[in-house]
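Bear in mind that the values in this text are calculations on the coordinates, not laboratory data. Please read these numbers as outputs of a predicted model, since none were measured by experiment. Methodologically, a virtual Cβ is constructed for each residue, glycine included, from the backbone with ideal geometry; neighbour enumeration extends over all protein chains shown.
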Amino acid sequence: MALWVWPAPEGLTTQAWHLFALFVGAIVAVVARALPILTSSVLALAVAVLSGTLAPSGAYSGFANGTILLIVLAFLVARAVVTCGLGQRIGHAVVSVFGRSTLGLVYSIFLVDAVIAPAFPSNTARSGVLYPITFSLAEVAGARPDNPARRRVGGLLMFSGMTSLSLSSALWLTAMAGNPLGAEIARPFGVEIGFGSWLVASSVPTLAAMMLVPFLLYKLMSPEVTATPEAPAAARRALAALGPLTRSETIVTAVFVVMVTLWGLAATLGLDSTAVAFLGLGLLLATGVLTGEDLAKEGEVLATYIWFAVLFAMSDQLNQLGFMGFLGERIAAALGGWSAAAAGLILLVAYILLHYLFVSQTAHLLALFGVFLDVGVKLGVPATPLALMLLFATNFFSVLTPQASSANLLFVGSGYLSQGELYKLGAIVTVANLLIYLAIGLPWLAIVAW
Amino acid sequence: MTRREATFALAAATAAAVPGAAAGMRTVHGTQAAADEQRFEGAWSMTGSRHTVPTELGREAAILHLSGSVVLTGAGRLGRGFHGEFIGYDDAGDRRAGRWVWTDDRGDRIYGELSGEPMATGRRFTAIITGGSGRYSGITGDFAFTWQYVVSPESGVIAGRTTGLQGLARFGRPSR
């Protein structure tokens, strides 16, 4: 309310300022635990439209966004993986190899994701593959969202899934749609980034983060179960008891293979990732593996769809009204007179903090990456390291908030973590990643990319 | 900019600090004498839609609708920033035309036309200021810029940022 009545800064329209006030109000209400995220976002949208701050077409645009639809579809397909028993089978298989400890399970998520990531230009689509595996692992580990005795194990695995997606996206140029865009934007600054040079630059800091951050999460979340030396043998027995694949499992496996293949080839063949998910869901419905009754039970999907579509649209409209660009240009312009090193660090930190206002990594990149890179280069910061650090940050800040990336939403909707826990963990992990990339990444870039 | 201002602006990156930063950003532009000229420079960041149809030339004709922020530097009657909106047409041949409008924090506007090369990285645009409303009534002038980068994150979507935006504004008599 205070923001709303405060005069708009010179350079911003009142419309943009009021929308910013509503967006911040919605987020603060969630962080302060005054309102659930669904309630606060829906109320913010209603006020935005009824006050004339947003036109209905802009306010509702998130509901027709392909990426958001992809999340809904991936959630439903993931449900099929779990309910048909395939998820349990995959979970037992992973536990039979990595299940001697909970930490081992966490690392298995990072390993699987890092291997499949370069084939998935959409990290949201990749979350559709990783989520059912992670969810099944949690179930095999005895975790249930409504079971306080094992809730932290599930929460640890879910946040590990989110973190893994952020780091695997930083590891490979082709693992997040924004990475090649960033490389394209950086080219006029004399920065040439290709698949190989990206991997060389990202490998050391990202692999270090993949080693250190899971352990940090493990310590932070203190799972109820830590050592399970008997679990691999038990998992092997459980796998044997399951017998051969059932009809439903076979169909889900085949559909999943088709979807994963098409997602992997989406960029090459010009396929739309959301349409691939529609195809998968259609096949599961046509074969009777999923039914209308099954879909009717997935109320959580509807809630996630609504609040994320609302916040997505509000953030997008903020960007279109010039708010993000204004803030970025102003912060960047304020750095004149600082040393190159200090300016580079401030730009990186500011770039990360500003993600609290974004609901899309790509939108953030398009709005601010070029601005910050331009100013940094003018202040004498070497272009290549700055570009790479900003691009790595574009990936690892995706856990900053629950809505920081559409790839988070399946894990957020699992029910294992509260909104408060997600914000807290997101801030801690983002800071940890920043320190790792600064301490390990910068010296490495000085060798390979300066 | 001083270090204090830079620190202040960094704080603006946190959502809670933005109102304070906004207050700090206020200046007294717009209070100078009328009927003068002002050179200005800055940057224009835009994002929006691009709809195309194929042509016999083998290239695509396009209509563009972009919006974003215009941030200007230097003291003068022009505000330090605007919400900028642009709508244009590219016939894939020689004809490119568009209209733009900048809106400031009071809702006052500057209107103009834009022409130039195809919208692509490194290409140049020129603009004419054709008029304004409120404190910009009677304004004329021109400016030019180069596209620092232009990218298309997905089909039908386009985003870009200018570099070297420089121009001259001649102020008429403000209506208020």
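A straight Cα-to-Cα reach below 17 Å connects residue A:424 with the lysines A:219, residues fewer than 8 places away in its own chain not being considered. Counting beta carbons within 10 Å around each of A:6, B:44 and listing the fewest first gives the order A:6, B:44. Annotation: extensible slack from residue B:41 through residue B:56 equals 1.5 nm (criterion: 0.36 nm per residue apart, minus Cα-Cα distance). Per residue of A:313-326, other chain Cβ atoms within 10 Å of the residue Cβ number 5 on average. Summing Cβ point charges (Lys, Arg +1; Asp, Glu -1) relative to the Cα centre of the protein assembly as shown gives a dipole of roughly 960 debye. Farthest towards the positive end of the charge dipole of the stretch B:36-170, among the residues B:52, B:128, B:87, is the Cα of B:128, using unit charges on the Cβ of Lys, Arg, Asp and Glu.
Taking every residue in B:64-71 and counting other chain Cβ atoms within 10 Å of its Cβ, the average works out to 6.
A dipole drawn for the stretch A:137-207 from +1 and -1 charges on Cβ atoms has a positive end, and of A:198, A:153, A:164 the residue lying farthest that way is A:153. Using only the alpha carbons of the stretch A:293-450, what is the convex hull's orientation-averaged projected area in square nanometres? So the Cα hull casts an average projection of 10.3 nm².
For the stretch B:86-160, the dipole from Cβ point charges (+1 on Lys and Arg, -1 on Asp and Glu) about the Cα centre works out to 140 debye, to the nearest 20. Using equal-weight Cα scatterers in the Debye expression, the normalised intensity of the stretch B:36-170 in log10 at q = 0.09, 0.14, 0.17 Å⁻¹ is -0.26, -0.60, -0.87. In this Cβ point-charge picture (+1 for Lys and Arg, -1 for Asp and Glu), the stretch B:36-170 has a dipole of about 280 debye about its Cα centre.
Against the empirical 2.2 N^0.38 Å scaling, what ratio does the C-alpha Rg of the stretch B:94-169 come to? Working it through for the stretch B:94-169, the quotient is 1.20. Per-residue packing, averaged as other Cβ atoms within 10 Å, sorts the ranges A:157-170, A:286-299, B:141-154 into the order A:157-170, B:141-154, A:286-299, beginning with the highest. I'd like the orientation of helix A:273-286 relative to chain A: the angle between its Cα long axis and the longest Cα principal axis, in ° from 0 to 90, rounded to 10. Computed tilt is about 20 degrees.
Positive end of the dipole of the stretch A:229-369 (Cβ unit charges, origin at the Cα centre): among A:295, A:239, A:336, the Cα lying farthest that way belongs to A:239.
Each label point was placed 7 Å from the Cα along the Cα-to-Cβ direction; for residue A:203 and residue B:152 their separation is 3.5 nm. Put a dot 7 Å past the Cα of residue A:83, heading toward its Cβ, do the same for residue A:192, and the two dots end up 5.3 nm apart. Largest first and in whole Å, the equivalent-ellipsoid semi-axes of the stretch A:1-137 read 41, 17, 15, each the square root of five times a Cα gyration tensor eigenvalue. Per q in 0.07, 0.08 Å⁻¹, report the Debye log10 I(q)/I(0) for chain A, using one uniform scatterer on each alpha carbon and no solvent. Summing over Cα pairs of chain A leads to -0.35, -0.45.
For the peptides A:211-218, A:94-101, the ranking by packing is A:94-101, A:211-218, with the highest mean count of neighbouring Cβ atoms within 10 Å listed first. The ranking of A:331, B:129, B:63 from fewest to most other beta carbons within 10 Å of each one's beta carbon is B:63, B:129, A:331. Taken along the Cα-to-beta-carbon direction at a fixed 7 Å, the label points for residue A:247 and residue A:421 span 3.9 nm.
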